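Report on the structure given below.
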Amino acid sequence: MIKVTLKDGSCKEMKKGITVIETAESISQGLARAATAGEVNGKTVDLRYRLNEDCALNILTFDDPEGRMAYWHTTSHILAQAVKRLYPNVKLAIGPAIETGFYYDFDVEKPFTPEQLADIENEMQKIIKEDLPVDRFTLSREEALKFVNDAGEIYKAELISELPEDAEISFYRQGEFTDLCAGPHLLSTGKVKAVKLINLAGAYWRGNEKNKMLQRIYGVSFPKKSMLDEHIAKLEEAKKRDHNKIGRELGIFMTSEPIGQGLPLLMPKGAKVMQILQRFVEDEEEKRGYLRTMTPYLAKSELYKISGHWQHYRDGMFVLGDEEKDEEVFALRPMTCPFQFMIYNSRLHSYRDLPVRLAETSTLFRNESSGEMHGLIRVRQFTISEGHIITTPEQLEEEFLGAVDLINYMLDTLGLKEDVTYRFSKWDPDNKEKYIDNPEAWEDTQAKMKKILDHIGLPYVEAVGEAAFYGPKLDIQFRNVHGKEDTIITVQIDFSLAERFDMTYIDRNNEKKRPYIIHRTSIGCYERTLAMLIEKYAGAFPTWLSPVQVKVLPIIDKQNEYAENVANRLRSLGVRVEVDSRNEKIGYKIREAQLEKIPYMLVIGDKEMQNGQVAVRSRKEGDLGPMDLNRFAEMITEEIATRAK
């Protein structure tokens, strides 16, 4: 017998070798029906997994993130089986579960069409109705390679060849279909109840644009049809809010094939919003004691070798020149820290000088793969509200708190604070080549950051392997309308670069000491923030952020001169105004302004012109009626000054 400790803390004696699903059945049949996987001592396992020693067990269902992953992973295998039934010559690549469902990549002669997608979905329904048992088995490395090579699955053979020599190589079989997979999976295909294939996309094998382009099919599945219907409704709403769609429709940004992927063009309206954001950030940082710098867009490779970026980040940089040809090699900067450290080192510093807070609106460059490009969220050139705080150990916590306070103020003002989560990103000691090799410093710095985060009281999660190569960080996470999570803002504690750049200060005892460095952004990447704002407000920005705040609409031509006077009066107060003096009906002008999501429309007729008034229509509140121009001016300038949401 073994002792099994359940999620509620209760302990049950079970027969050694009992499976997870048998344990669930011993608790209740309802739990067994809902079970999708198990968690044994913190590790996600199959329902087939046998318990052979005392352990902690959590029965996972679709409500648990890991349980959903098992559900969606099984559905990805059903997708692959359906494709192989209909198109036997297709080659299989990979088919993981993701945060929003699943996908599978296929090597096909011709891309799938929407009509074929419907056929594949129908075949998936047949496989689900067949309720095929899903069985797991393992093979030796030699047997596994022979198995996939005999099947002509070249991508699976490549994956197997890269596994460690001692790796357990597992496969899952359902009916005539077998796939290389680590699992876990559901017990049978019939456990999947409602499925929908969402869309098609191209994807390079291994995410490398030098490899072959594959065909990717995205899908999602649920235990109930009602859950699927609700999800589809959310997807339709997401499409309406997608910044790629709205941003282009409103003339905020565009892309151009001759310019290149990941290099968006901000149009006048987008550039105006960017300017507003930058002025807001720079003014607030100045109030909080930051000193502004302006540094070059590129530097010699020697600078990045000192910082470690050359060793740890070169593949993500745009390099100019060839070392093998004895050319002077430069690289476009992926971050600003090395430049600002050079400014710090330009003179000696006393402890009385610290903290030194340096900030810059930095244009940066990162060589993202083409498969990662997405609108304004992931681009190759972007602008960031970058800053570095050089501080004594005694000041570290206070300065970290100040950086987080600035971030929260920015998020709150923009109306985004309620939509973010916090992640404590740590190093992975099993992947040391990715990081500065100093285990003691890592553990010490992570302990310091954890203490600070706990003191702040932020509700954070921990993520091993997500740290910067030079130190742990607090990541502020945001999900776009499609459910994809991205890091938008970071605060990092750096224990390494001060030594690499020989940064020092003179302490109270007149001794040289190394400072700590806090890397931080206050609003993150401006392009990504702009994308989030577009999606958050569906393009209807708060008045203070709107590129056009007021549209003046004269009814007929004889009111045009008064309309221009109204516009000039508001412009003199800093209000952004346009006049629509086209020879169009007033109803058409109003509808156009509504589609442009203008906060206020001022309709000008004979009565308004005679009385020095404007007829006010609010995007939020509708028709507000005639209003004295001075009264409206006071109202809107107050709304702008307070940055009302």
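The values are calculated or read from the model by the stated rules, or taken from the named source; none is laboratory data. The model shown is predicted, which means the values in this text are computed figures rather than measured ones. We place every Cβ from the backbone using ideal geometry, glycine too, and count neighbours over all the protein chains shown.
Any residue at all in the stretch 152-162 that's over 29 Å from D315 (Cβ atoms) and touching a residue at least 60 places away in the same chain (Cβ under 8 Å)?
The answer is yes, given that some residue of the stretch 152-162 is over 29 Å from D315 (Cβ atoms) and touching a residue at least 60 places away in the same chain (Cβ under 8 Å).
Yes or no: the stretch 600-613 includes at least one residue that is assigned to a helix (DSSP H, G or I) and either of a type in the set (S, T, Y) or within 24 Å of R241 (Cα to Cα) (or both).
No: zero hits.
Pairs please, first residue from the stretch 47-64 and closer than 14 Å to S10 by Cβ, second anywhere and of a type in the set (A, V, I, L, M) and part of a loop (DSSP other than H, G, I, E, B), Cβ atoms under 9 Å, 6+ apart in sequence or on different chains.
A56/L6; L57/L6; N58/L6; I59/L6; I59/L47
Which strands (runs of 3 or more DSSP E) does the stretch 392-504 wholly contain that include 2 or more residues that are among the β-branched types (V, I, T)?
Filter on the stretch 392-504 gives 420-426, 460-464, 485-494.
Residue pairs, Cβ under 8 Å, 6 or more apart or interchain, first in the stretch 593-622 and at positive phi and at pLDDT below 95, second surrounded by fewer than 23 Cβ atoms within 10 Å (Cβ to Cβ) and assigned to a strand (DSSP E or B). List them.
Cβ pairs passing all conditions: G612/D628.
What is the residue count in the stretch 199-215 for residues that are closer than 16 Å to P114 by Cα and either among the acidic types (D, E) or in contact with a Pro (Cβ under 6 Å, 6 or more places away or on another chain) (or both)?
Going through the stretch 199-215 one residue at a time, the tally reaches 1.
Identify the residue in the stretch 169-202 that is among the charged types (D, E, K, R) and part of a strand (DSSP E or B) and, among all such residues, is surrounded by the fewest Cβ atoms within 10 Å (Cβ to Cβ).
Across the stretch 169-202, the extreme among qualifying residues is R173.
So in the stretch 260-299, with the set limited to residues that are exposed (fewer than 12 other Cβ atoms within 10 Å of the Cβ) and closer than 16 Å to T363 by Cα, which one is nearest to the chain's Cα centre (by Cα)? Spell out the reasoning first.
Initial filter on the stretch 260-299 (exposed (fewer than 12 other Cβ atoms within 10 Å of the Cβ)): 265, 268, 279, 283, 287, 294, 296.
Cutting the leftovers down to closer than 16 Å to T363 by Cα gives us 265, 279, 294, 296.
Working: L265: 21, R279: 25, M294: 28, P296: 28 Å.
Among those that are exposed (fewer than 12 other Cβ atoms within 10 Å of the Cβ) and closer than 16 Å to T363 by Cα, it is L265.
Looking only at residues in the stretch 124-148 that are within 36 Å of the chain's Cα centre (by Cα) and buried (at least 17 other Cβ atoms within 10 Å of the Cβ), which one is nearest to A80 (Cα to Cα)?
Only one residue fits best here, namely M124.
Scan (1) part of a helix (DSSP H, G or I); (2) out of contact with any Pro (no Cβ under 7 Å at 6 or more places or on another chain) for the single condition P547 breaks and write down its number.
Going through (1) part of a helix (DSSP H, G or I); (2) out of contact with any Pro (no Cβ under 7 Å at 6 or more places or on another chain) one by one, P547 breaks only (1).
Just checking, how many residues over the stretch 203-245 are β-branched (V, I, T) and not in a helix (DSSP H, G or I)?
Counting residues in the stretch 203-245 that are β-branched (V, I, T) and not in a helix (DSSP H, G or I) gives 2.
Looking at the stretch 99-114, I want the residues that are without any contact (Cβ under 8 Å) to a residue 60 or more places away in the chain and under 17 Å from P88 (Cβ atoms) and have a partner that is outside any strand (DSSP E or B) and of a type in the set (A, V, I, L, M, F, W, C) with Cβ atoms under 9 Å, at least 6 apart or on another chain. Which pairs are those?
E109/V90
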